[in-house]
Amino acid sequence: MGYKDKPKLAVWKFASCDGCQLSLLDCEDELLAVAGAVEIAYFPEATKAVQPGPYDLSLVEGSITTPNDAERIHQIRRDSRFLVTIGACATAGGIQALRNFKDVKEFTSIVYASPQFIETLNKSTSIADHVKVDFELRGCPINKEQLVEVLSAFLHGRKPNVPTHSVCVECKRQGIVCVMVANGTPCLGPVTQAGCGALCPAYCRGCYACFGPKETPNVAALTGWWREELNVSDRDVVLALRTFNAAAPPFEKESFRNEH
C-alpha cells in the first residue's frame with residue numbers, strides 16, 4: 001500500500017456485545033505481530049491512547065440502532081481509507097435486528113420506565129446499509145484467524161482470502177457425518193458461510209448459521225426440504241432463520257415467506 005509510516009488502525013463499536021473486538025484481543029501472539037505492523041490509533045477496548053484521524057484501516061463492530069449511530073458512521077467513513085465490518089451485528093444487524101420484525105415502541109414501553117427518553121431507530125441495520133464498506137467479515141463472533149488474514153491482506157494491498165463456500169464443505173473435509181441425512185436434524189449448514197470449523201455438526205447438532213448466508217444460497221430449497229422430509233413447521237423455520245443474522249437478506253426474505 002506504500003505507507004511511509006506505520007498505517008493507522010482504528011477499531012470502532014456500535015450496538016454489539018464486544019465479542020468480535022474480544023476476538024481480536026484473543027489473537028495473542030498474532031496481535032503482537034499486528035501491533036508491530038500498524039499503529040493502533042483508536043481502540044478503546046484495548047487502550048486509552050487515542051490518535052486523531054484519518055485512519056488507514058477501520059474495523060467496525062456493531063449495528064446502527066440510533067440516530068446518533070447513523071451520523072457517527074458517516075464521520076468514521078470519511079476518516080477511513082478502508083473500512084471493514086466485523087461480525088454479524090455489523091454485517092447483518094445482529095441479534096438486535098429481531099426488532100425489525102416487531103413494533104419497537106411496544107418493546108420500549110414494556111422494558112423502560114420512561115420510554116419517552118429512549119432514542120432508537122425502528123430497525124437495526126448493517127453498516128453497509130449506511131456507508132460504503134470495503135470488506136465484510138462475518139461471524140458471531142468472527143474467526144480470529146480470518147481476522148488476521150483480513151488485516152494482513154489490507155496491509156499488503158491484496159484481496160482477503162476468506163472462504164465463501166458452505167459449512168457443508170467443512171463437514172466433508174473433517175469427515176463429519178451429515179446430521180440431516182443421518183439423524184434427521186434440521187441444519188442450516190448448506191446455506192451458511194464457512195468459518196466456524198463446523199463446530200455444531202461436529203457435536204451432532206444442526207448449524208445455527210452464525211456466519212450468515214454463503215455466496216448465492218438457496219434458502220427456499222433447504223427450508224422446503226425441511227418441511228417435506230423432516231416435518232419442520234413454518235413457525236420453526238422462521239425461528240431458525242431469525243437468530244444472529246436475522247436481517248441478512250436471504251434469511252430475512254425466507255423468514256417472511258414462511259411467516260405469511
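The values are calculated or read from the model by the stated rules, or taken from the named source; none is laboratory data. Worth saying up front: this structure is predicted, and the values here are computed from it rather than measured. Cβ coordinates were reconstructed from backbone atoms using ideal geometry, including for glycine residues, and neighbour counts include every protein chain displayed.
What the table below lists for this structure:
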quantity: Residue in segment 126-140 that is surrounded by 14 or more Cβ atoms within 10 Å (Cβ to Cβ), touching a residue at least 24 places away in the same chain (Cβ under 8 Å), assigned to a helix (DSSP H, G or I) and of a type outside the set (D, E, K, R) present; calculated: yes
quantity: Any chance Phe211 is closer than 16 Å to Thr91 by Cα and of a type in the set (Phe, Trp, Tyr); calculated: yes
quantity: Answer from Arg235, Arg242 - the residue that is loosely packed, with under 14 Cβ neighbours inside 10 Å, modelled with pLDDT of 95 or more and either assigned by TED's automatic domain parsing to the domain that holds Glu30 or out of contact with any strand residue (DSSP E or B) (no Cβ under 9 Å at 6 or more places or on another chain) (or both); calculated: Arg235
quantity: Filter pass, Phe251 being in contact with a strand residue (DSSP E or B) (Cβ under 8 Å, 6 or more places away or on another chain), of a type outside the set (Asp, Glu), assigned to a helix (DSSP H, G or I) and under 25 Å from Ile64 (Cβ atoms); calculated: yes
quantity: Qualifying residue in segment 180-194 (condition: hydroxyl-bearing (Ser, Thr, Tyr), part of a loop (DSSP other than H, G, I, E, B) and surrounded by 18 or more Cβ atoms within 10 Å (Cβ to Cβ)); calculated: no
quantity: From the options Asp26, Asp5, residue that is of a type in the set (Asp, Glu) and surrounded by 12 or more Cβ atoms within 10 Å (Cβ to Cβ); calculated: Asp26
quantity: Filter result for the condition that a residue is more than 23 Å from the chain's Cα centre (by Cα) and not in a helix (DSSP H, G or I), over Cys204, Cys210; calculated: Cys204
